[in-house]
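Have a look at the structure below, then the notes.
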Amino acid sequence: MINKIIMIIREFWPQFVEGLKVTVLLALIGTIIGLIIALIFSALRVVKINKNDKIHIKILKNIGLLFVKTYVTIFRGTPMIVQAVIFYYSFYQAGIKWSAFAAGLFTISLNTAAYLTEVLRGGIESVDKGQTEAARSIGLSSSKTFLYIIFPQALKNSFASIGNELIVNIKDSAVLSVISVIDVFSVADSAAGKYFLFIEAMLVAAGIYLVLTYSTAKILQLIERKLGVETKEMVSSN
Amino acid sequence: MIKINGLKKSFNNNQVLKGIDLIFNEKEVVSIIGESGSGKSTLLRCINLLENYDEGKIMFLGKDIKDYDINNLRSNVGMVFQQFNLFNNLNVIGNCTIGLIKVQKLSKKEAEIKAIEKLNLVGMGEFLYHNVNSLSGGQKQRVAIARALCLEPKVILFDEPTSALDPKNVNEVLNVIRNLAKSGITMIIVTHEMKFAREISDRIIYVDKGIIEIDDTPEAVFSNTENESIKSFLQYS
């Protein structure tokens, strides 16, 4: 078996390197874009509707809240593989010719945004109420309180979960091979199909994913230690 | 400076303040005492609108506090909390400068000069760049006082500033408040430190079940033999 694994690595290593780049880019850029979207959505999610608010403010807040809740429910309630197929082909049918990579990145970003919105909401709600009161007591407006006091703490509180989402994305980006994204899994699948060496080819893919996720976890741990945040073990979100 | 008329406040069906009438004069140090749950902290929090009251009126410098821009009001009415509530994402000097930069629109340099002056005043000038979580309770409270002082408020509200501290740290904080009292700043202090209240206050207000029972000089309050409620309260304090 080892000889067959070595043979696959020898023959397919340039494709594996390319696949590795695609996997890393999808996971990293997808997590970053997802985080940016989640920053906005989580702010909409935790907005408080006060009885003193003007009617149009109340309506806007309610629309924002409903939109985010619906978004999170849909994206967390459906598999990413299904989302990828729907996005890829519906855009194609609408005449937008986009690459499989672009469609994959779009899917992974939107999917990540849904999970991170909830992660950040938890982070925001875990900030002590006294922080808001103290900020308001020195005259900071509610938006400045959120921006300068609550949000930085929520982001720090959520760091471990955000890092976990990156690791999840490294692994779960494999499902994007369904729309012909050429990532590590897709290369291994091609190699397996060529020689009917499914176990050997997938062991190579598993090794690459393991090295990637392990090294990412170590880098995240270093950053966490530097930021002084606790590491939290979490199960896959997808 | 502050005039309160007929102040009422309920939480659900529990009426905490049952019609408070009070006046706080400029440069006066007033302590508010009373049992836990008597409405002292709620009264204080209504003054800078951290709690919205149901009925009554609070006038600050001759104007209804609800007619003020709320952020402007709060920068004039400083508050020090029982649990310090220092901003965990900012260091000591950051806690003091954020209000100056974001509310009073001072430059970072101007804000730092002012913050250092106030931190020196409370004996925390050597801890400028420390993480607030590395400080003792007394040190945290002193930074919280400096943070309130930075905005140069016309009045500072202290909500049980020593209740979360051990005896050693209590004295540290009380000394700072003592020095502030001498400087002539208007202060309203909710406290359980009877000895301190007696020593520092121009006036003591005893609140019981949401009503002002006694509003008098420290001597008169502590020698009161007629009011059973305060007699009983002081006996256990």
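Tell me, please, whether a residue that is over 24 Å from B:V170 (Cα atoms) and within 14 Å of chain A (Cβ to nearest Cβ) can be found in the range B:29-46.
Scanning the range B:29-46 turns up at least one residue that is over 24 Å from B:V170 (Cα atoms) and within 14 Å of chain A (Cβ to nearest Cβ).
Among the residues of the range A:122-135, is there at least one that is in a helix (DSSP H, G or I), on the phi < 0 side of the Ramachandran plot, of a type outside the set (D, E) and more than 14 Å from chain B (Cβ to nearest Cβ)?
yes
Restricting to the range A:67-97, count the residues that are within 15 Å of the chain's Cα centre (by Cα), assigned to a loop (DSSP other than H, G, I, E, B) and among the aliphatic types (A, V, I, L, M).
Here the count works out to 0.
Out of (1) polar (S, T, N, Q); (2) outside any loop (DSSP other than H, G, I, E, B); (3) over 25 Å from A:K156 (Cβ atoms), what's the single condition that is false for B:Q104?
(2)
Tally up the residues in the range A:136-167 that are outside any helix (DSSP H, G or I) and over 15 Å from the mean Cα position of the chain (by Cα), please.
The total comes to 4.
Among the listed residues B:E193, B:E228, identify the single one that is surrounded by fewer than 19 Cβ atoms within 10 Å (Cβ to Cβ) and either at pLDDT 90 or above or of a type in the set (D, E, K, R) (or both).
Only one candidate qualifies: B:E228.
Would you call B:M79 more than 13 Å from chain A (Cβ to nearest Cβ) and either assigned to a strand (DSSP E or B) or surrounded by 20 or more Cβ atoms within 10 Å (Cβ to Cβ) (or both)?
So B:M79 fails the test.
Scan A:I223, A:I199, A:I219 and give me the residue that is surrounded by fewer than 16 Cβ atoms within 10 Å (Cβ to Cβ), closer than 24 Å to A:L105 by Cβ and touching a residue at least 12 places away in the same chain (Cβ under 8 Å).
None of the others qualify; the one that does is A:I223.
Tally time: how many residues in the range B:127-172 are within 11 Å of chain A (Cβ to nearest Cβ), of a type outside the set (A, V, I, L, M, F, W, C) and assigned to a helix (DSSP H, G or I)?
Here the count works out to 3.
Restricting attention to the range B:150-164, does a residue exist that is among the hydroxyl-bearing types (S, T, Y) and at pLDDT 90 or above?
For the range B:150-164, residues among the hydroxyl-bearing types (S, T, Y) and at pLDDT 90 or above: absent.
Consider the range B:204-224. How many of its residues are surrounded by fewer than 22 Cβ atoms within 10 Å (Cβ to Cβ) and either touching an Asp or Glu at 6+ places or on another chain (Cβ under 7 Å) or in a strand (DSSP E or B) (or both)?
Residues flagged as surrounded by fewer than 22 Cβ atoms within 10 Å (Cβ to Cβ) and either touching an Asp or Glu at 6+ places or on another chain (Cβ under 7 Å) or in a strand (DSSP E or B) (or both) within the range B:204-224 amount to 7.
If we scan the range A:197-217, do we find a residue that is aromatic (F, W, Y), more than 19 Å from the chain's Cα centre (by Cα) and over 30 Å from B:L44 (Cβ atoms)?
Checked against the condition, which is being aromatic (F, W, Y), more than 19 Å from the chain's Cα centre (by Cα) and over 30 Å from B:L44 (Cβ atoms), the range A:197-217 yields at least one hit.
Can you tell me which of B:I189, B:I212, B:I185, B:I145 is more than 13 Å from the chain's Cα centre (by Cα), within 19 Å of B:I47 (Cβ to Cβ) and of a type in the set (V, I, T)?
It is B:I212.
If you go through the range A:112-119 one residue at a time, do you hit one that is in a helix (DSSP H, G or I) and more than 21 Å from the chain's Cα centre (by Cα)?
no
Evaluate the range B:84-95: report whether one residue or more is closer than 24 Å to A:L155 by Cβ, touching a Ser or Thr at 6+ places or on another chain (Cβ under 9 Å) and buried (at least 21 other Cβ atoms within 10 Å of the Cβ).
Within the range B:84-95, one or more residues are closer than 24 Å to A:L155 by Cβ, touching a Ser or Thr at 6+ places or on another chain (Cβ under 9 Å) and buried (at least 21 other Cβ atoms within 10 Å of the Cβ).
Is it fair to say B:K105 is surrounded by fewer than 18 Cβ atoms within 10 Å (Cβ to Cβ), on the phi > 0 side of the Ramachandran plot, within 14 Å of another protein chain (Cβ to nearest Cβ) and modelled with pLDDT under 95?
yes
Scan B:I23, B:I4, B:I65 and give me the residue that is within 14 Å of chain A (Cβ to nearest Cβ) and more than 20 Å from B:I230 (Cβ to Cβ).
B:I65
Test A:F146 against the criterion of being away from chain B (no Cβ under 11 Å), within 22 Å of B:L106 (Cβ to Cβ) and surrounded by fewer than 22 Cβ atoms within 10 Å (Cβ to Cβ), and give yes or no.
Taking the combined requirement at face value, the residue satisfies it.
Determine which single condition B:L49 fails, assuming it passes every other condition in (1) within 11 Å of another protein chain (Cβ to nearest Cβ); (2) in contact (Cβ under 8 Å) with a residue 60 or more places away in the chain; (3) not polar (S, T, N, Q).
The one condition B:L49 does not meet is (2).
Restricting attention to the range B:63-70, does a residue exist that is surrounded by 19 or more Cβ atoms within 10 Å (Cβ to Cβ) and not β-branched (V, I, T)?
Looking through the range B:63-70, none of the residues is surrounded by 19 or more Cβ atoms within 10 Å (Cβ to Cβ) and not β-branched (V, I, T).
The values are calculated or read from the model by the stated rules, or taken from the named source; none is laboratory data. Every value quoted in this text rests on a predicted model; they were computed, and no experiment measured them. Note that each Cβ is placed from the backbone with ideal geometry, even for glycine, and that neighbours are counted across all protein chains shown.
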